[in-house]
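Just below is one structure, and these are the notes that go with it.
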Amino acid sequence: MTTDQPKPALRAVVPCDPGPTCVGRFAPSPSGPLHFGSLVAAVGSALDARRGGGRWLVRIEDIDGPRSQAGADRAILRELERLGFVWDAPPVWQSRRTELYRAALDRLAAAGRTYGCACSRRDIADSAPAVDGARRYPGTCRAGMAAGRTARSTRLRVDAGETDAVVRLVDRVQGEIVQNVECEVGDFVLAHADGQIAYQLAVVVDDAAQGVTDVVRGADLLDSTPRQILLQRLLGVPTPSYGHLPVALDRSGDKLSKQTLARPIADVPAAQILCATLEFLGQAPPADLRRAGVREVWVWAAQHWNLSRVPRLRGLPAPAQWC
Ligand code: GLU
């Protein structure tokens, strides 16, 4: 989608698999068992990848140590299996790929695009709100940290004059999105002082390394996408197409998550939960498909999948029984 030419020196860090046709992926964070909200992204990405005979991959995003729950990765994979998902390569775990992210960070540093930042959340609490509800980074440490302060994070110099910080994308579900990353987010964090790599960098490195061509995921990540596209340009890797699905909301209008006590779906018959997900995604499965076998549901879903039927909304109430 972007017209930026890959920069060979930076591209070397992210080996790209040219891939056959379309490559999609589901990238759950193992912070708890699979629930209706995460299933929406799994079903949407899998059906979309298969639409032209493409491949579908699973990646466990477990580099956010505190949020990861022991055993949740295996539980998610088991549940996906029970629901009839089939992935085309062994799943990868981000925690086993940290050298790849470090190498990308080193390349960005060597290109003069990063700096150490001493600011805590409190230091920037008075800054303008950022697009994702956090605070826009006011650039305090951009020209160097104040004497005696030590770095708590490494940030990306978003606009160093050579790259346009305005990102425009046409999302396949949500339509045109334009974001000035410099004004709406500011220099964002790529890594923390303890070495933990930020999601924004890891996801870009992984999508490129796995040859992902089509990202289909929840609309809660829509505001992150321009940051990811900016990083893709700087690393000289291709920009996939993006489609952001409505996020499943609980009764109070919050995103369904482990924190909002979303009901695990492990005890629900596979065809029933898959049909509820298809319904949520606007695919209108016939009523009797709920009583069919899992295979039959997937066959129907693959034949009828139509992304243009997915509601163009960032959030949508989840069926009451799964909140
Ligand atoms: N790991 C993220 C999540 O579970 C998804 C990231 C992505 O799809 O880019 O919300």
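Things to note:
- Carbon-plus-sulfur accessible fraction, the chain (probe radius 1.4 Å, protein heavy atoms only): 51%.
- Helical segments meeting 20 Å axial Cα length and Kyte-Doolittle 0.0 threshold in the chain (DSSP H): 36-50
- Difference of contour (0.36 nm per residue) and Cα-Cα distance, Arg168 to Ala287: 38.9 nm
- Between Asp88 and Ser120, the FRET efficiency estimated from the beta carbon spacing at R0 = 51 angstrom works out to 0.75.
- Shape of region 221-323, Cα gyration tensor, a/c cut at 1.5: oblate
- For region 86-155 versus region 194-229, the inter-centroid distance based on Cα atoms is 14 Å.
- Simple spin-label estimate for Val178 and Arg149 in nanometres, 7 Å along Cα-Cβ: 3.4
- Going by accessible surface with a 1.4 Å probe and the largest first, Leu80, Leu316 read Leu316, Leu80.
- Pairwise alpha-carbon distances in the chain exceed 30 Å for 35% of all pairs.
- Pair Ala134, Arg251: separation of 7 Å Cα→Cβ label points (nm): 3.3
- Charge context of Gly243, other residues only, Cβ under 9 angstrom, K/R +1, D/E -1: -1
- Charged side chains reduced to their Cβ positions (Lys and Arg at +1, Asp and Glu at -1) give region 172-323 a dipole of some 520 debye around its Cα centre.
- When Asp126, Asp220, Asp48 are compared by accessible surface with a 1.4 Å probe, the order from highest to lowest is Asp126, Asp220, Asp48.
- Within region 172-275, the trypsin sites (Lys or Arg not before Pro) that combine a DSSP coil assignment with at most 12 other C-beta atoms in a 10 angstrom radius are Arg251.
- Here each label is just a point 7 Å from Cα along the line to Cβ, and for Arg74 and Ala110 those points are 4.0 nm apart.
- Probe 1.4 Å, all protein chains present, accessible-area order of Thr277, Thr140, largest first: Thr140, Thr277
The values are calculated or read from the model by the stated rules, or taken from the named source; none is laboratory data. Predicted model, so just to flag it, every value in this text is computed and none were measured. Cβ atoms come from the backbone with ideal geometry, glycine included; neighbour counts cover every protein chain shown. We work out accessible area using only protein heavy atoms, side chains counted, and drop any ligands, DNA or RNA first. Shrake-Rupley method; radii C 1.70, N 1.55, O 1.52, S 1.80 Å.
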